[in-house]
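S.K.: What follows is a single structure, and I will ask about it in a moment.
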Amino acid sequence: CDSVGGGRDLQPDQHHLQRGRGGSAELHGAGVVLRVGLPFYSFESRFAWGVSLERTQREEPLYFRGDKFAEFQRRTELVNAFVGWSPGIVGGKQPRFRVGVVHEEHRFARPEDGFAPRLFPADRVFDYPYIAFESVEDDFELTRNLDRLQRTEDLYTGRRFAAQLGYS
């Protein structure tokens, strides 16, 4: 839910809701994504928060010498909640700080057809806090007709650095 510059048309007192549902032939599965929050929507943003839930279920193929011999089910659930703050633009850059917590589950089911390998993945559950830092440079160029005809557009040309550290 983060935005680099003024890419989203949100007012300072508005919240952002994003929903999604999808699948892909390449992933052989489906997923659901729900995000709600107030992102860093501009360089004047001083506060952000967000909560997200992502659930996916897909079939993971197993190969031997290039031939698929089995599949197993993989279900993943990821819940993330964070708050963030920024002092504003400092030296042409906006530092952004976030703290949050994550719940991450990975569940595996043995294949119905074929056989399971000896080293079948074990179910995993992680709960951990994290801290994050992001630095976004305030650098844009005005362009015309880049994505839309007869429109002036802001093209982000600055540098962005992000790091996150958590422990489970």
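The values are calculated or read from the model by the stated rules, or taken from the named source; none is laboratory data. Being a predicted model, the structure only gives us computed values, none of them experimental. Cβ sites come from the backbone with ideal geometry, for glycine too, and all protein chains shown count toward neighbours. SASA here: full protein model, heavy atoms, side chains in, ligands and nucleic acids out. Shrake-Rupley method; radii C 1.70, N 1.55, O 1.52, S 1.80 Å.
S.K.: What trypsin sites (Lys or Arg not before Pro) does the stretch 73-168 have in DSSP loop regions with at most 16 other beta carbons within 10 Å?
M.R.: 118, 148, 151, 159
S.K.: Calculate the all-directions average of the projected area of the stretch 84-146's alpha-carbon convex hull, and give it in nm².
M.R.: 9.8
S.K.: When only DSSP loop residues count, what chymotrypsin sites (Phe, Trp or Tyr not before Pro) in the stretch 65-168 have their Cβ near at most 16 other Cβ atoms within 10 Å?
M.R.: Answer in residue order: 115, 167.
S.K.: For residue 152 and residue 79 in one chain, what is 0.36 nm times their gap in residues minus the Cα-Cα distance, to one decimal in nm?
M.R.: This chain segment gains 22.5 nm when fully extended.
S.K.: Just to confirm, what accessible area per residue do you get for the stretch 96-168 at 1.4 Å probe, in whole Å²? All intermediate terms of the calculation are to be shown ahead of the outcome.
M.R.: On the way: 5620 Å² over 73 residues.
I get 77 Å² per residue for this part.
S.K.: Pulled fully out, how much extra length does the chain show between residue 68 and residue 90, if you take 0.36 nm times their separation in residues and subtract their Cα-Cα distance?
M.R.: This chain segment gains 2.5 nm when fully extended.
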